[in-house]
Each structure stands twice: as C-alpha cells, then as structure tokens.
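Undergrad: Structure in structure tokens, see below.
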Amino acid sequence: MTYAFNWVIKGGLSLLASLLIAAPVLAEPFAYLRANDPTSRINVRKYPTSESYAPHYGLPGDRVEILEEIDADDGYTWYYVKFVESGAEGWIRGDLIAIDYNGCHFEPYLDGFNCS
C-alpha cells in the first residue's frame with residue numbers, strides 16, 4: 001500500500017509540474033510612451049489631471065507598466081504607470097501611451113506598432 005501511495009503522490013506531482021511548465025503565461029500588455037516629436041518630454045503627474053504637478057517626465061519610447069486606469073472628467077483616459085527602468089511612478093494621459101496587446105514591434109515616432 002505504501003508503494004501505491006508513493007506512486008500516486010509522485011505521479012500527481014509530476015503531472016502538476018508538467019502542467020505548470022506547459023501552461024501559457026498571461027503577461028500584461030507592453031506599454032510605451034509616444035509623441036509626435038521624438039524630443040518631447042512627457043509629463044508624469046501626481047494626479048490624473050493636466051493641472052497637477054509633474055515631478056517626473058518620460059521620453060517617447062520609454063517602457064512602462066500600467067498599474068491603474070481611469071476615465072477622467074477632462075475626457076481623457078489616464079494611466080497610473082511605473083517606469084520599467086527607473087521605477088518612477090505617476091499619471092500619464094492616455095493619448096501619450098501606446099499599449100501593445102499583440103506583441104508587435106513598437107515604433108514610438110511612427111505612432112504605433114509594426115505587426116508585419
């Protein structure tokens with residue numbers, strides 16, 4: 001009986017490990033800052049409004065992680081982001097962020113992604 005019990009436990013653990021390794025990882029979409037002018041400084045604001053203080057700025061092409069999203073009274077979607085490289089956090093207006101849901105190559109000065 002001990003042999004059968006050990007086989008079930010070890011077999012079950014092996015199966016579980018195989019499933020975990022084979023399971024696809026659902027990653028957050030990539031997000032990058034974008035602007036028409038490649039030398040633009042994009043304000044990273046303390047609150048989700050254009051009137052708010054901007055203690056940081058980013059540059060077109062900077063990669064960010066989106067932590068929160070709101071639709072503000074000013075008609076814009078605002079994203080609370082964390083910069084991948086620096087760790088700085090703050091709010092950025094949605095029209096200044098490109099979100100890649102398809103894993104395409106981002107081209108920050110061409111206003112989007114190249115999926116060809």
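Undergrad: Can you tell me which of (1) modelled with pLDDT of 95 or more; (2) closer than 17 Å to Tyr79 by Cβ is the one Glu28 doesn't meet?
TA: Against the list (1) modelled with pLDDT of 95 or more; (2) closer than 17 Å to Tyr79 by Cβ, Glu28 comes up short only on (1).
Undergrad: Then there's this: Looking only at region 39-65, filter to residues that are open to solvent by 80 Å² or more (accessible area, probe 1.4 Å), charged (D, E, K, R) and closer than 15 Å to Ile97 by Cα; which one of those is modelled with the highest pLDDT? Let's see the steps before the verdict.
TA: Within region 39-65, the first condition is being open to solvent by 80 Å² or more (accessible area, probe 1.4 Å), and the residues that meet it are 39, 41, 46-47, 51, 53, 57, 63, 65.
Narrowing further to those that are charged (D, E, K, R): 41, 46, 51, 63, 65.
Retained after the next criterion (residues that are closer than 15 Å to Ile97 by Cα): 41, 63, 65.
On the way: Arg41: 97, Arg63: 92, Glu65: 93.
Taking the candidates together, the pick is Arg41.
Undergrad: Here is a follow-up. Does Asn36 satisfy being exposed (fewer than 13 other Cβ atoms within 10 Å of the Cβ) and touching a residue at least 40 places away in the same chain (Cβ under 8 Å)? Break it down into steps so the answer makes sense when it comes.
TA: Working: exposed (fewer than 13 other Cβ atoms within 10 Å of the Cβ): yes; touching a residue at least 40 places away in the same chain (Cβ under 8 Å): yes.
For Asn36, the condition - exposed (fewer than 13 other Cβ atoms within 10 Å of the Cβ) and touching a residue at least 40 places away in the same chain (Cβ under 8 Å) - is met.
Undergrad: Do you know which of the residues in region 66-102 that are open to solvent by 60 Å² or more (accessible area, probe 1.4 Å) and modelled with pLDDT under 90 is nearest to Leu33 (Cα to Cα)?
TA: In this case the residue turns out to be Tyr101.
Undergrad: Further question: For region 41-48, indicate whether the set of residues that are touching a residue at least 24 places away in the same chain (Cβ under 8 Å), of a type in the set (Val, Ile, Thr) and in a loop (DSSP other than H, G, I, E, B) is non-empty. Lay out the reasoning, then the answer.
TA: So the first thing to find is which residues in region 41-48 are touching a residue at least 24 places away in the same chain (Cβ under 8 Å), and the list is 42-48.
Filter once more, so that each one left must be of a type in the set (Val, Ile, Thr): 42, 44.
Next, from what is left, pick out any that are in a loop (DSSP other than H, G, I, E, B): none.
No, region 41-48 contains no residue that is touching a residue at least 24 places away in the same chain (Cβ under 8 Å), of a type in the set (Val, Ile, Thr) and in a loop (DSSP other than H, G, I, E, B).
Undergrad: Only residues that are charged (D, E, K, R), touching a strand residue (DSSP E or B) at 6+ places or on another chain (Cβ under 6 Å) and closer than 10 Å to Gly90 by Cα: list them for region 39-67, please. Steps first, please.
TA: Taking region 39-67 and keeping what is charged (D, E, K, R), we get 41, 45-46, 51, 62-63, 65.
Filter once more, keeping what is touching a strand residue (DSSP E or B) at 6+ places or on another chain (Cβ under 6 Å): 41, 45, 62-63, 65.
Within region 39-67, Arg45 is the sole residue that qualifies.
The values are calculated or read from the model by the stated rules, or taken from the named source; none is laboratory data. Bear in mind that the values here come from a model prediction, so they are computed numbers and not experimental data. Counting neighbours? That spans all protein chains shown, and the Cβs are built from the backbone with ideal geometry, glycine included. Calculation scope for accessible area: heavy atoms of the full protein, side chains included, ligands and nucleic acids excluded. Shrake-Rupley method; radii C 1.70, N 1.55, O 1.52, S 1.80 Å.
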